[in-house]
Amino acid sequence: MKINLLVTPKLSLIPVQFKDQPRLFSLMQKVYLPAYHHIWKDGGKWFLEKNYCKENLKKELNDSRSNYYFILYESQKIGIVKYTISSSPKQFPIVNAAKLHRLYLHEDFHGKGIAGKVMELVETDSKNKGMEFIWLEAMDFKDQAKRFYEKSGFEVSTSYVIDFEVMHPEFRRIQIMKKSLI
């Protein structure tokens, strides 16, 4: 069972539970769509349904390697973080690694150091669970996100193009970035 994690007096993480699916979906409409709606032919509806529907949430929560949290700032849900212990990309194998799968914050909370604090917690937890690396997939066109990850010590390892037909072709390049935890 996952527990609440206090990051700072104002910042905490609480586990996402299955009963939270409607709240999770609503939050991601407010967080994900403003930043990414333009890359999708349908405005992002397919992506939200695929990733935040009840069936997918149940599958993700049933994965014992998965760590899935709401990010709370002053008791307000402002984003999510999800990472998986013992995960490796198919395109570029990384042994003994955790994957940062999702880190989304509402745009009103960008630039406050929140993502950096959450990233530190993810890295510490992953290292404490024996992981030597952490990796993620970053969209090639998201310069702000890539700068954040590079500032956090991540380096590009490789890239590939995803085959989501509902995504505009010019936004399909993904970079796999990794960071050593040792």
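What does the helix-only formula give at 222 nm for the chain: each DSSP H stretch with n ≥ 4 adding -39500 (n - 2.57), the total divided by the residues, and the result rounded to the nearest 500 deg cm²/dmol?
Details: 5 runs with 57 residues, N = 182.
When only DSSP H runs of four or more count, the value is -9500 deg cm²/dmol.
Report ³J(HN,Hα) in whole Hz for each residue of region 96-111, in order, from the Karplus equation J = 6.51 cos²θ - 1.76 cosθ + 1.60 where θ = phi - 60°; Gly and Pro get x.
Taking θ as phi minus 60°, the curve returns 6, 10, 9, 10, 7, 8, 8, 8, 10, 10, 4, 4, 5, 10, 6, x Hz for region 96-111.
Let me have the relative contact order for the chain, percent, based on Cα pairs under 8 Å that are six or more residues apart. Intermediate results must be reported in sequence, preceding the final value.
Working: 295 pairs, mean separation 34.0, N = 182.
It rounds to 19 percent for the chain.
Can you compute 3J(HN,Hα) from phi for each residue in region 11-26, using the Karplus curve 6.51 cos²θ - 1.76 cosθ + 1.60 with θ = phi - 60°, rounded to whole Hz and x for Gly and Pro?
10, 9, 10, 10, x, 6, 10, 4, 5, 7, 3, x, 5, 4, 4, 4
Give the residue list of GluC sites (Glu not before Pro) in region 16-102 that are DSSP loop and have at most 16 other beta-carbon atoms within 10 angstrom.
Details: sites: 49, 55, 60, 74; in loops: 74.
Here the sparse-neighbourhood loop sites are 74.
Considering amide H positions built from the backbone, and no H for Pro or chain starts, which residues 5 or more places from residue 159, or on another chain, come under 5 Å of its amide H?
So residue 159 has HN proximity to 176.
Quick one, what does Rg over Rh come out to for region 1-79 if you take C-alpha atoms and the Kirkwood Rh? Mind dumping the intermediate values first?
Numbers: Rg = 13.5 Å, Rh = 13.5 Å.
Rg/Rh for region 1-79 comes to 1.00.
Return the distance in nm (one decimal) between the two label points of a simple spin-label model at residue 170 and residue 75, each offset 7 Å from Cα along Cα→Cβ.
Label at residue 170, label at residue 75, 4.6 nm between them.
May I ask you to derive the FRET efficiency for residue 156 and residue 65 from their Cβ-Cβ distance with R0 = 22 Å, giving the value to the nearest 0.05? It would help to have the intermediate numbers written out before the result.
Values: r = 25 Å, r/R0 = 1.12.
The pair residue 156/residue 65 has a calculated efficiency of 0.35.
Just flag the trypsin sites (Lys or Arg not before Pro) in region 20-123 sitting in loop per DSSP whose Cβ has no more than 10 other Cβ atoms within 10 Å. Show your work: numbers first, answer last.
Working: sites: 23, 30, 41, 45, 50, 54, 58, 59, 65, 77, 82, 90, 99, 102, 112, 117; in loops: 41, 65, 90, 112.
Taking region 20-123 and a limit of 10 other Cβ atoms within 10 Å, the loop trypsin sites (Lys or Arg not before Pro) found are 90.
Charges only on Cβ, +1 for Lys and Arg, -1 for Asp and Glu: so what's the dipole of region 5-180 about the Cα centre, in debye to the nearest 20? Please list the in-between numbers first.
Working: 28 positive and 21 negative charges, 60 e Å.
That gives a dipole near 280 debye.
According to the square roots a ≥ b ≥ c of the eigenvalues of the Cα gyration tensor, what is the shape class of the chain, taking rounded for a/c under 1.5, prolate for a/b larger than b/c otherwise, and oblate for the remainder? Intermediate values should be presented prior to the final figure.
Details: a/c = 1.32, a/b = 1.04, b/c = 1.27.
It is rounded, given that a/c, with a ≥ b ≥ c, falls under 1.5.
Past the 19 angstrom mark, what percentage of all C-alpha to C-alpha distances in region 52-118 do you count?
Details: 959 of 2211 pairs.
The share of Cα pairs beyond 19 Å in region 52-118 comes to 43 percent.
FYI, it's all coordinate maths here, none of it is from the lab. Owing to the predicted nature of the structure, the values given are computational and were not obtained by experimental measurement. In this analysis, Cβ positions are derived from the backbone assuming ideal geometry, glycine residues included, and neighbour counts consider all displayed protein chains.
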